[in-house]
Amino acid sequence: MAQERFEEIVETFEFLDDWEDRYREVIDMGKKMPPLPDALKVPATKVDGCASQVWLHPTVTGEGARAQLSFEGESDAMIVRGLIAVLLALYNDLSAKEVTEIDALKELGRLGLNDHLSAQRSNGLRAMVERIRETAAAQMS
């Protein structure tokens with residue numbers, strides 16, 4: 001059920017045999033993201049549970065299960081900025097219902113990230129996924 005942008009990341013990772021090359025690719029993805037405006041770096045958009053500073057700002061268009069969600073994000077850590085870029089490729093422009101149906105850990109597992117992230121980074125990634133899922137669930141209630 002993953003989006004085309006995410007599938008492109010999966011395909012790129014299939015060609016990168018070495019984890020360090022994949023790591024660099026994730027960092028490059030983060031570098032290409034536009035910065036989050038300082039006005040959006042507020043307590044409401046800060047993601048708790050991450051070792052580094054992380055902000056995710058949702059934009060919701062419409063209401064209910066069909067509400068379209070998109071996110072902007074930023075982190076003070078380059079690898080985390082890249083992980084945010086991966087999550088945006090997975091989730092942006094989906095409906096709230098579609099967001100809740102994605103098994104993020106399974107999808108991210110296709111990239112081999114689970115085996116190479118520190119425990120702190122893995123916890124932070126789960127916290128970001130949880131924030132995205134909570135945003136979607138709030139639209140459906």
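Here, each number is a calculation from the coordinates, and none is a lab measurement. No experiment lies behind these values; they were computed from the predicted model shown. Backbone-built Cβ (ideal geometry, glycine too); neighbour counts: all protein chains shown.
What relative contact order, as a whole-number percentage, does the range 1-88 give when Cα pairs under 8 Å and 6 or more residues apart are counted?
Details: 99 pairs, mean separation 27.7, N = 88.
Averaging sequence separation for qualifying contacts and normalising by length gives 31 percent for the range 1-88.
Place a point 7 Å from Cα of Thr59 in the direction of its Cβ. Which residues in the range 95-123 have their backbone N less than 16 Å from it?
95-96
Work out how much length Asn123 to Glu20 would gain on full extension: take 0.36 nm times their residue separation and subtract the Cα-Cα distance, in nm to one decimal.
Details: separation 103, 0.36 × 103 = 37.08 nm, distance 2.06 nm.
Once the chain is fully extended between Asn123 and Glu20, it gains 35.0 nm.
Build a GNM of the chain with springs between Cα atoms under 10 Å: which of Lys41, Lys32, Lys97 gets the top mean-square fluctuation?
Lys32
Can you list residues from other chains, or at least 5 along the same chain, whose modelled amide H is less than 5 Å from the amide H of Asp93?
The answer is Leu69, Ser70, Phe71.
To check my understanding: the extent here is largest minus smallest coordinate of the Cα atoms along each principal axis. What are those three numbers for the chain, in Å, largest first?
Computed over the chain, the largest-to-smallest principal extents equal 43, 32, 26 Å.
For the range 1-38 and the range 101-123, what is the separation of their Cα centres, given in Å?
Between the Cα centres of the range 1-38 and the range 101-123 lies a distance of 13 Å.
For a test of the definition: using alpha carbon positions, the gyration tensor, and the 1.5 limit on a/c, classify the range 87-138 as rounded, prolate or oblate.
prolate
What 222 nm value per residue comes from the helices of the chain, counting each DSSP H run with n ≥ 4 as -39,500 (n - 2.57) and dividing by all residues, nearest 500 deg cm²/dmol?
Values: 6 runs with 74 residues, N = 141.
Counting only the DSSP helices, I get -16500 deg cm²/dmol.
Which aspartates and glutamates have a Cα less than 19 Å from the Cα of Lys46, not counting those fewer than 8 places away in the same chain?
Filter leaves Asp38, Glu72, Glu74, Asp76, Glu130, Glu134.
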